[in-house]
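Inspection log for the structure reproduced underneath, given as structure tokens.
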Amino acid sequence: MNFSIMFDKEKCRGCTNCMKKCPTQAIRIKNGKAIIDHKKCIHCGECIRACSYGAYSPECIEWKNETNAYKCKIAIPSTTIYGQFPRGTDICVVQNAILKLGFDYVYDESWAAELVAKAIKKKIDNNKDIRPFINTNCPATLRLINIRYPSLTENLIALKTPMEIAGILARNNARKKFNLEDKDIGVFYITPCPAKLLAVTDPIGNLGPSVDWVIPLNKIYGELYQKVVKEDNLICSYPSLSGLKWSVCGGQSKSAKLTNFIAVNGMENVIQILEEIENGKLSGVDYVEVLACVQGCVGGTFNVINPFIASSNNKYILNTLDGEPINSDLECFEKLYNKGFFEFEFPDTESVNKINIKEALKKNEEIKQILAILPGLDCGSCGSPTCLSHAEDIYNGQSTIFECVVLRANS
């Protein structure tokens, strides 16, 4: 794959900021340097935001070299892309700038977002047994639920993301338009989000990735901006106004025309609301939209504009773009929905994560005994984010009680 969150050990100061921000407690500090448990990492980008020393960064290969393998290169810009340019920038200019990077065809993700919004509305209306449903378009929160809140799996609405739907539809359209086989078509998604990497290389459930490559927006923004400034229009395909709402938290619920919903952004807020759902306190709500980044996808790590400015730019586009563009794919919604085109299935977590209750109780009791010895300050000086996680590390043989500086000072 073309990028991942990379860690530069030399730049790490061992300050513990990334460790304390990590929502899955995947980071420890050992010998003054961060160590990442990749099995727990959900690629949410919190470590990139938390690190003041640039130790974390997206790694990108020369994606242009990969385009040589295909006769037709499709670009799928995310719903956030237009808000990344100065207010008033013509959408046609942005799309033409993308084509000039070497692509043959642009399929706007917003059209797929509008289709998925219709599927959300229909699934909620047809199924009254589950409340609240939880969105599945944010790959970071989806993995967070899978790792930390598996009991909420049945609340997930289990609909493919706009990126995945766009990949399938764009490939189908290109196959007809250019009379090509699948192997000749490459689909490139321009992303604001590092978690999209895992959504492509290691998807949850029975999803087969429809996207071949993921390009971080900030890696191509400079070149894209230079071409936008030239304002050389060739062709234009306007996005879906309804689908563009997905870029900001609450937008997918509005696009789906829901009225009884809660929209939450920012990882700390997401964790709080998931715990409320787990405790059964939101059973009167139809839909909960949880997005890892501040303000939603406009706050993605790979964007270049302040999320609040990008949110305002997006609102300006929605208020000023004339008319309501159409896309023939929308006409196929009922047929696609009835075929189960939008659905996907999660693995049987009960069987995958099946645990021996007797062993689990014994383990918890031993961890509790270790925790009772620790000071309970959650200071992080031992290299674990909390005293509980330190106790778990000791139980797993990954640390010792003597790593606690408070106990050492008092002994």
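Write out the GluC sites (Glu not before Pro) in region 128-233 meeting two conditions: DSSP loop, and at most 11 other Cβ atoms within 10 Å of their Cβ.
Here the sparse-neighbourhood loop sites are 181.
Rounded to a whole number, what % of the accessible area of region 165-205 do carbon and sulfur atoms account for, probe 1.4 Å?
47
Considering only protein heavy atoms and a probe of 1.4 Å, how much of the accessible area of region 117-159 is carbon and sulfur, as a whole percent?
For region 117-159, the apolar C and S fraction of the accessible surface comes to 44 percent.
Sorted by packing (mean other beta-carbon atoms within 10 Å per residue), highest first, where do 66-76, 33-43 land?
66-76, 33-43
With charges only on Cβ, +1 for K and R and -1 for D and E, what is the dipole size of region 81-123 about its Cα centre, in debye, rounded to 20?
340
Counting pairwise Cα distances across region 192-262, what percent come out greater than 13 angstrom?
Tail fraction, whole percent: 78.
With the calculation restricted to Cα positions, what are the radius of gyration and Dmax of the chain in angstrom?
22.7, 76
Given a cut-off of 20 Å, name the pairs among 128/335; 118/245; 257/315; 128/281; 123/254; 21/315 whose C-alpha atoms lie farther apart than that in the structure shown.
Check vs 20 Å cut-off fails for 128/335; 21/315.
Assuming a ≥ b ≥ c are the square roots of the Cα gyration tensor eigenvalues, decide whether region 290-349 counts as rounded (a/c under 1.5), prolate (otherwise, with a/b larger than b/c) or oblate.
oblate
Hey, how much of the P(r) for region 236-324 falls beyond 20 Å, as a percent of Cα pairs?
42
For the chain, modelled as a GNM with alpha-carbon contacts under 10 angstrom, which of 57, 151, 253 fluctuates the most?
151
Test of understanding: in a Gaussian network model of the chain with alpha carbons linked when under 10 Å, which of 401, 145, 157 would top the mean-square fluctuation ranking?
Highest fluctuation of the listed residues: 401.
Work out the FRET efficiency for residue 53 and residue 183 from their Cβ-Cβ distance, taking R0 = 45 Å, and round it to the nearest 0.05.
0.55
Can you pull the accessible area of residue 63 for me, 1.4 Å probe, Å² to the nearest 10?
20
If you roll a 1.4 Å probe over the heavy atoms of the protein chains, what accessible area per residue do you get for region 1-50, in Å²?
Using a 1.4 Å probe on heavy atoms only, each residue of region 1-50 averages 52 Å².
Carbon-plus-sulfur fraction of the accessible area of region 359-411, 1.4 Å probe, in percent?
55
Dividing the alpha-carbon radius of gyration of region 110-174 by 2.2 N^0.38 Å (N being the number of residues), what value is obtained?
Relative to the 2.2 N^0.38 Å estimate, region 110-174 comes out at 1.23.
For the chain, modelled as a Gaussian network with Cα springs under 10 Å, which listed residue fluctuates most, 45, 266, 167?
Maximum fluctuation in the GNM of the chain, among the listed residues, is at 266.
As a check on your grasp of the helix formula, calculate [θ] at 222 nm for the chain: sum -39500 (n - 2.57) over DSSP H runs of n ≥ 4, divide by the residue count, round to the nearest 500.
-11500 deg cm²/dmol, from helical runs alone.
Can you list the DSSP H helices in the chain whose Cα atoms extend at least 24 Å along the helix axis and whose mean Kyte-Doolittle hydropathy is -1.0 or higher?
Going by DSSP H runs, the hits are 109-126, 357-373.
Over 5 Å intervals from 0, what percent of Cα-Cα pairs in region 77-146 sits in each interval?
All Cα pairs considered, the percentages come to 3, 12, 16, 16, 16, 13, 10, 8, 4, 1.
How would you rank 388-396, 114-122, highest first, on the average number of other Cβ atoms within 10 Å across their residues?
114-122, 388-396
Could you give the accessible area per residue of region 108-261, probe 1.4 Å, as a whole number in Å²?
Ligands and nucleic acids excluded, the result is 38 Å² per residue.
Output the antiparallel fraction of DSSP beta bridges having both residues in the chain, as a percent to the nearest 5.
In the chain, approximately 35 percent of DSSP beta bridges are antiparallel ones.
By how many nm would the segment from residue 40 to residue 66 lengthen if fully extended, with 0.36 nm per residue of separation less the alpha-carbon distance?
Going from the current span to full extension adds 6.4 nm.
The values are calculated or read from the model by the stated rules, or taken from the named source; none is laboratory data. Since the model is a prediction, treat every value here as computed from it, not as a measurement. Please note: Cβ atoms are built from the backbone with ideal geometry, for glycine as well, and neighbour counts cover all protein chains shown. These area figures cover heavy atoms from the full protein model, side chains too; ligands, DNA and RNA do not enter into them. Shrake-Rupley method; radii C 1.70, N 1.55, O 1.52, S 1.80 Å.
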